[in-house]
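**Student:** Dumping the structure here so I can ask a few things about it.
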């Protein structure tokens, strides 16, 4: 996994993207550490994410697998809008739990990353939205900008893998600098201790 993260970050860096964007490349899948904490299995760590509290969209991969999910028969959750209103904004939507959502909350609470970076982290596995066109009715004006950011990040996540592995030791100083910039150390710390 660290090789993929470094390859993503280095591809972003080579393309001259901002430092916060490079840091997203480095950390975007670190939410998978959840597997070593409270995970009950692979299902609650990895996979595509989607909203809960409304009808499961046909754009979700394998939509038939929701047939026995109790929410699909709930009188409110099974409706198109469920507990939401059109234009409510994705900041107000509950997404299925996984590594994206976990890391998003850690970064939102402990970093100074801009909204675009947080959106890249939170929505990079929300393929029904950013790749299949589902759930557009939830979007507000801010989400239009966040959508562009997620689409800009997606190729680095999917297509930056290569046989050439970056030298982690050689890159450590550079990326520790970025981490300390966007996860500033608290008083008495020389490096930020991130609470997982």
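The values are calculated or read from the model by the stated rules, or taken from the named source; none is laboratory data. Owing to the predicted nature of the structure, the values given are computational and were not obtained by experimental measurement. Glycine also receives a Cβ, built like all others from the backbone with ideal geometry; neighbour counts cover every protein chain displayed.
**Student:** Output the qualifying pairs, or none if there are none: Cβ atoms under 8 angstrom, residues six or more apart or on different chains, first residue in region 149-177 and touching a residue at least 60 places away in the same chain (Cβ under 8 Å) and at negative phi, second residue part of a helix (DSSP H, G or I) and surrounded by fewer than 13 Cβ atoms within 10 Å (Cβ to Cβ).
**Tutor:** Sorted first by the residue in region 149-177, then by its partner, the pairs are 168/2.
**Student:** Check off (1) surrounded by 17 or more Cβ atoms within 10 Å (Cβ to Cβ); (2) out of contact with any helix residue (DSSP H, G or I) (no Cβ under 8 Å at 6 or more places or on another chain); (3) farther than 23 Å from residue 53 by Cβ for residue 167 and give me the number that stays unchecked.
**Tutor:** (1)
**Student:** Next up: Kindly indicate whether any position in region 33-52 is farther than 30 Å from residue 172 by Cβ, in a helix (DSSP H, G or I) and at pLDDT below 95.
**Tutor:** yes
**Student:** Look through region 12-32, keep the residues that are modelled with pLDDT under 95 and surrounded by fewer than 21 Cβ atoms within 10 Å (Cβ to Cβ), and return whichever of them is farthest from residue 152 (Cα to Cα).
**Tutor:** 32
**Student:** Would you kindly identify the helices (runs of 4 or more DSSP H) lying entirely within region 108-196 that contain at least 3 residues that are within 13 Å of the chain's Cα centre (by Cα)?
**Tutor:** Output list reads 115-123, 127-130, 141-159.
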